[in-house]
Amino acid sequence: MEGSGKEWSARPGASNRGTNQLGVRLYNERLVLSLIRLHGELPKADIARLTGLSPQTISIIMNQLTDDGLLRKGRPQRGRIGQPSVPYSLNPDGALAFGLKIGRRSADLYLIDFTGTVLKLQHKTYAFPKPESVKSFARDGIEALLKDLPEQLTSRIAGLGIAAPYEMWTWHEEIGAPKEEIDAWRTIDIRAEIARLCPWPVYFANDITAACAAELMFGHGGDHIDYLYVFIGSFIGGGLVLDGHLFPGRTQNAAALGSMPAPGSSAVKSDKPPQLMNVASIYVLERKLNAEGRNSDILWQSPDDWGDDLGSALNEWIAEVAESLAYSIVAAIAVIDVETVIVDGAFPTDVRRKIIEATRQAISKINRQGLSAFGLIEGSIGNAARAMGGACLPLLANFTQDREVLFKENT
């Protein structure tokens, strides 16, 4: 029996148990892969202890996953007693996936490996999304990303995931899109259209749910058992993780923060109380810059670096975001009682940091009597989260326990 010099303990989301019953090998394989992804690496003995499966069953599973190229052995580690333990980790080349993000101002196509490393990417900006333009971008992008990719990696592509807002045709006024142009999204099945362009399975999810999946699989999300996820893009949106698993909700629209009322905001003059999306979205900053006669293209062309010249418009927007977001977070906490709120967005890390700090200060001024304490932390992926989340979808569908949650009607 192998011994381990390192003590492995269950982490949030790692409490699911395996079963030795016949006919559930696939479930157990997904469980093992999920645990190794969560911990980074694990020896067989610790996987057996965490899952409750017999050492013999674990040995069979680990050998099969290694033979399939999904796992790789590490160097033996000698403990104080017993035989050296051999840690297993995910093989980066074990599976690849494409992620297509269709946004209201830009599109991205990523190719990632099994551990979330971005191998290649394509980026395109536009005034508003047109189905034919997006299809052309996807077709040309797939061809470009496959160029010079070794055959052994091409054969490992698990699929393509699309991350896009639901009902793309709504809120056309907010993004300045002609209604007749944006209405084309009402009748198109973009998943079916993209599926005609490639030989792999194609999956679809709301863009912020997908971004939440990326944070869970590749970011800080795995460190927390429950969290509310906030992503500020062209429009603000949210995602939810409960008990270490994505919770998309009854209609795949859980944590739709953008639609929450923001009645306390003075930033929007309207007969109706504004929604959070009308205050805490990047399109609002775009309008502020345009009102000052300044070029706002940098917001979409260089989301990781806005430069140092956005001036008072940026500072004013951050203050408005913090004010409205603080109330929405506290309202959400009153309902779902999560331990952590993760905030990310399609902006530079210094802007994210300023938003977090300003939101913390705004929350401190709100009466939270009767609510449990919660942490407010930065996301770790930034602008790439939605495209990486799209690429997560084939990996979730084929190699994790979240398949049944996300893909009941999507495969």
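The values are calculated or read from the model by the stated rules, or taken from the named source; none is laboratory data. Just so it is clear, the structure is predicted and the values come from calculations on it, not from any experiment. As a convention, Cβ positions derive from the backbone with ideal geometry for all residues, glycine included, and neighbour counts pool all protein chains shown. Please note that ligands, DNA and RNA were not included when accessible areas were found on the heavy atoms of the full protein model with its side chains. Shrake-Rupley method; radii C 1.70, N 1.55, O 1.52, S 1.80 Å.
Structure data summary
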| item | result |
| --- | --- |
| Greater than 22 Å apart at Cα, pairs in K120/K147; K124/K354; K130/K179 | K124/K354 |
| Centroid-to-centroid separation of the stretch 278-302 and the stretch 85-134 [C-alpha atoms, Å] | 25 |
| DSSP bridge pairs, the stretch 225-361: antiparallel proportion in percent, nearest 5 | 60 |
| Carbon + sulfur, % of accessible area of the chain - ligands and nucleic acids excluded, 1.4 Å | 48 |
| Efficiency of FRET from Cβ geometry, S312 and Q152, R₀ 45 Å, rounded to 0.05 | 0.25 |
| Principal-axis tilt of helix 385-399 within the chain, Cα atoms, nearest 10 degrees | 30 |
| Extension reserve of the Y126-N290 stretch, reckoned as 0.36 nm per residue once the Cα distance is removed | 57.4 nm |
| Heavy atoms of T117 accessible to a 1.4 Å probe, total area in Å² rounded to 10 | 70 |
| Gain on full stretching of the segment that runs from S59 to D350 - 0.36 nm per residue minus C-alpha separation | 100.1 nm |
| Cα lying deepest toward the dipole's positive end in the stretch 273-411, options T359, Q369, S324, charges on Cβ | Q369 |
| By average C-beta atoms within 10 angstrom, highest first, the peptides 360-373, 232-245, 41-54, 379-392 | 379-392, 232-245, 41-54, 360-373 |
| Whole-angstrom Cα spans of the stretch 49-140 along principal axes, big to small | 64, 23, 22 |
| 0 to 90° range, to nearest 10: angle between helix 25-39 axis and the chain longest Cα axis | 70 |
| The chain - charge dipole about Cα centre, Lys and Arg +1 at Cβ, Asp and Glu -1, debye rounded to 20 | 960 |
| Peptides ranked, highest mean first, by Cβ atoms within 10 Å: ranges 287-300, 101-114, 326-339, 142-155 | 101-114, 326-339, 287-300, 142-155 |
| Cα centroid separation, the stretch 338-383 to the stretch 23-57 (Å) | 34 |
| In degrees, nearest ten, helix 131-146 long axis to first principal axis of the chain (Cα) | 40 |
